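Reviewing the structure listed below.
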Amino acid sequence: MAARKVDTHQHFWNLDLVEYSWLIPAYGPLYRTYGPHELEPQLKEVGVDATVVVQSANSYADTNYMLRQADKFDWIEAVIGWVPLSNPREAIHMLDDKYCLHPKFRGMRHLIHEEQDPDWLLQPMVIEGLKALAERDLVFEVVAVFPGHLKHVPAVSEKVPNLRMVIDHLAKPPIKDKEMGDWADQFAAAAENPNVYAKVSGLNTAADWENWTADDIKPYIEFAVEKFGANRLMFGGDWPVCVLAGDYAKVWNETNVALAGFTQDQIDAILGGTAEKFYNLAGQQ
């Protein structure tokens, strides 16, 4: 049986139903509703079998909207929603009495970079909230934007060592500047906890939007494989954000070109195998 292909990072947003504080007209093509019907043919075109939809707002409305879409479309096999980590009691209530009852709910994310406190993730109450996730074997997706937040991953690992974390977008390395430097050091430190994974996603918008190719993202993917191994890395298309620098097909195709030098087992892991296990998807059940 051919290995399934999984996109572990895509979004839906509906401007009529959910408020997205960050989504303003200045974002141009992103400032509109994006739903499953628009993504579905693009997935079929490149051969992606399943996706993980990831939160776009720190709200129950966004999480509820994603879960409703997951109910309608079989190819949405996991949902990463939101609960208020800084209010552990409420977070536990929402997890135990609602979200964990949904068969596709797998964990949560918080838009850390929207918080005024740069060390928000290390606040004692937030750590308590993260412990609640770990106790339920739920995933915490880290908006580890470099240089502000990637450095917190090892600290969280120390405080909640059994928490399963995944770093979105390889923490947005400085691809456009063709540098590694401090990012590489922080990324390597984050990789030391075997419960920390990372997504090969969102790299096109960290590069030159107009001219990026596989050659631009390849060194960063190679470094990620060196530090994490393919069994802790997962592909993500980052639709619809990816349309700022190309389109979904280009992201898929150029990522595959960048992966061409790896073994087939490594490629299969990054393009689906790791995700199947990490998110306990339908292909694993």
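The values are calculated or read from the model by the stated rules, or taken from the named source; none is laboratory data. Given the structure is predicted, the values throughout are model-derived calculations rather than measurements. Backbone-built Cβ (ideal geometry, glycine too); neighbour counts: all protein chains shown. Ligands, DNA and RNA are stripped out before the accessible areas are found, and what is left, the full protein with its side chains, is counted by its heavy atoms. Shrake-Rupley method; radii C 1.70, N 1.55, O 1.52, S 1.80 Å.
Go through the stretch 114-130 and report how many residues are touching a Pro at 6+ places or on another chain (Cβ under 8 Å) and of a type outside the set (Gly, Ala, Ser).
Step one: of the stretch 114-130, the residues touching a Pro at 6+ places or on another chain (Cβ under 8 Å) are 125, 128-129.
Cutting the leftovers down to of a type outside the set (Gly, Ala, Ser) gives us 125, 128.
The qualifying residues number 2.
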For the stretch 220-246 the number of residues that are open to solvent by 10 Å² or more (accessible area, probe 1.4 Å) and either free of Cβ contacts under 8 Å to residues at least 40 places away in the same chain or in a strand (DSSP E or B) (or both) is 4
Cβ pairs under 7 Å, 6+ apart or interchain, first in the stretch 116-133 and under 23 Å from TRP22 (Cα atoms), second modelled with pLDDT under 95 and part of a loop (DSSP other than H, G, I, E, B), ordered by first then second residue, are PRO118/GLY148; LEU121/HIS149
The condition from (1) farther than 30 Å from GLU276 by Cα; (2) under 19 Å from the mean Cα position of the chain (by Cα) that HIS113 misses is numbered (1)
Selection over the stretch 264-276 where residues are open to solvent by 20 Å² or more (accessible area, probe 1.4 Å) and in contact (Cβ under 8 Å) with a residue 12 or more places away in the chain yields a count of 5
Pairing a residue in the stretch 150-170 that is more than 20 Å from ALA184 (Cα to Cα) with any residue that is of a type in the set (Phe, Trp, Tyr), where Cβ atoms lie under 9 Å and the two sit 6 or more apart in sequence or on different chains, gives VAL160/PHE140; LEU163/PHE140; ARG164/PHE140; ARG164/TYR197; ARG164/PHE278
Counted residues in the stretch 22-40 being touching an Asp or Glu at 6+ places or on another chain (Cβ under 7 Å) and among the small types (Gly, Ala, Ser) come to 0
